[in-house]
Structure formats: structure tokens, C-alpha cells
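Asker: Encoded as C-alpha cells, here's the structure I'll be asking about.
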Amino acid sequence: MKKIIFLFIFALIGFQVFTNEQVNAPDLPQQLSLASYSVSDGDLVLVNRDVALQEEPDNLATIPYDIADNVIVNSEYFLEEQAIEPLEQLFHAAADAGIEHFIINSAYRSGTLQKQLFDQYGADYSLPAGYSEHQTGLSIDIGSTVGKMENAAEGKWMEQHAAEFGYILRYPKDKVDITGIEYEPWHFRYIGLPHSIKMQQHAFAFEEYIAYLKEKQFYKMKVNDTTYFVQYTDNKTSVNTLESKNIKVSGDNVSGYIITSVLEEK
């Protein structure tokens, strides 16, 4: 009987902690204007078969040919500039783990190139212009020179560790019904921290993560030594946030904004 009472009390406390975490919003003293931001721009824009890219990237940079010794870069490829340094860190970490045989096969594609690929290969192997993540400048196809990515050490390492550097495996094997795209073990998308870690913890596809943000509205998370506060709003004019000197705003390319604040430790 005592055991039953203890379990009941424990469950009640656990429920209270859970519900408080879900319902009680923190005090948000800092007002941030959203007038200069676009719902269709940022690291967290959703692009898929149903949601078209609205804005072309405007911060593209060339991936260095010598980005890392364990990567072959045999053509001129572009990514949004903020995605390149994390990519370099990723490759160096892989090299430290003995993973040595990467090759970059694709990155940013213009709408013109995407249309050519769609006309050439059709809907079974490509997406029409405007609906491919490659047009965001945030996606990259990474292969292995010693085998298929689903079997190679490079693919297995990336699936486990890419999130630590802000990258996600965009089209996982068990999420085809959600993404609408067959498993692509080579296709990685930059979304930044802490979003990639949160996605990995919950085994979300990107579509599920955006839905999670819309439902939950906010969360606080510590990654390594950095604490983040992430919130979602569909207000188009302004939002109240926690006090921070380091705030990033991204549209979701549908209806709202994701605000990511880095909190200073006190």
C-alpha cells in the first residue's frame, strides 16, 4: 500500500513539473521588432514538395577546396556563409575520429539548374525548381569515396554527429511518410544550434520540428557551455524575448518566426 501511495505522489509531482514546463512562460522583458525580417528568409526556412522557396539566398560563399584534408572538393560549390565554418569544424572532428574519405557532390543550386535536373530526370529523382532545398544554399550532398553512404563509415559518422555542428540528415529512412522524399543518406541541411540537437534528441524530421515549435512556442536548452532560448511567434510586427545581445531570427517560410537567443551566464 505504501508503495502504491509513493508511486502516486511521484507521478503527481512529475505531472506538475511537466505541465508547468509546458504552460508557464518566462518573463520576456526585451521587445524585438520583426519589421526588418522576412518569414521566407533564415536558417530554418522549410522547403519541401508542398512549400516552395520564396526568396533566393543572398549570402552565398564558396566552399574552400582545402576545407579539410579528408574531403574532396573537385568543383566550385556554394553555401550560405554561416554554414561553412560549422561544416569545416565537422570535417575536422571526423578526421580526429579517423573518418577520412568524404567527397562533396552538390551544394547550392540555382533555380535554372534545378529546372534542368527536373526536366532531365523527372519527379522520381528530382524536385521542380523552387521546391528543392538545394536552392536555399543551406543543403549539401556529402558522399564517401569508399562506398555508399548508408554503408560507409562516413555516412554512419555523419548520421550520429552532424547535429553537433548544426547539420541534420534531412531525409531519414524512417521519415519518408513525413518528408515525402526517399531516404537520402548523403543529403544534409544546416539549421544551426540548438535546433539540430533538439531534433536529434526527439528523432524529428524537419517538418516535425517546425510543428513542435508552433505547438510548444518556446524551450530553453543548454548545448555544451551555451544556453539557448528558442521561441516561435506568428506575430509579424514584434515579439518579447529574454534579454540577450545575441539573437537570431529566422522565418519558417510558412507563417511565423523562430527566435533563437543566446543567454549570458550570470
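The values are calculated or read from the model by the stated rules, or taken from the named source; none is laboratory data. Nothing here was measured: the structure is a model prediction, and the numbers come from that model. Because the Cβ atoms are built from the backbone with ideal geometry, glycine has one as well, and the counts that use them run over all protein chains shown. Accessible surface areas use protein heavy atoms only, side chains included; no ligands, DNA or RNA. Shrake-Rupley method; radii C 1.70, N 1.55, O 1.52, S 1.80 Å.
Asker: When you look at I72, is it farther than 21 Å from A129 by Cβ and open to solvent by 20 Å² or more (accessible area, probe 1.4 Å), yes or no?
Answerer: Yes.
Asker: Can you confirm whether I210 is within 24 Å of R49 (Cβ to Cβ), in contact (Cβ under 8 Å) with a residue 12 or more places away in the chain, hydrophobic (A, V, I, L, M, F, W, C) and assigned to a strand (DSSP E or B)?
Answerer: No.
Asker: Residues of segment 75-110 being part of a helix (DSSP H, G or I), open to solvent by 50 Å² or more (accessible area, probe 1.4 Å) and in contact (Cβ under 8 Å) with a residue 60 or more places away in the chain, which ones?
Answerer: Matches in segment 75-110: Q82, Q89.
Asker: Still on this structure, I have one more. Pick from segment 236-251 the residues that are within 19 Å of the chain's Cα centre (by Cα) and open to solvent by less than 70 Å² (accessible area, probe 1.4 Å): which of them is nearest to P29 (Cα to Cα)?
Answerer: Out of the qualifying residues, it is I247.
Asker: Oh, and also: Would you please list the contacts, defined by Cβ atoms under 6 Å and residues six or more apart or on different chains, that run from a residue in segment 151-172 that is under 14 Å from E184 (Cβ atoms) to a residue that is assigned to a helix (DSSP H, G or I) and open to solvent by less than 40 Å² (accessible area, probe 1.4 Å)?
Answerer: If the second residue must be assigned to a helix (DSSP H, G or I) and open to solvent by less than 40 Å² (accessible area, probe 1.4 Å), the pairs left are I168/S196; I168/M199; Y171/T179.
Asker: On to the next question. Can you pull out every residue in segment 191-234 that is surrounded by fewer than 20 Cβ atoms within 10 Å (Cβ to Cβ) and charged (D, E, K, R)?
Answerer: E207, E208, K214, E215, K216, K220, K222, D225, D234, listed by residue number.
Asker: Considering only residues that are more than 24 Å from the chain's Cα centre (by Cα) and either open to solvent by 70 Å² or more (accessible area, probe 1.4 Å) or not aromatic (F, W, Y) (or both), which ones fall in segment 114-149?
Answerer: K115, Q116, L117, D119, Q120, Y121, G122, A123, D124, T145, V146, G147
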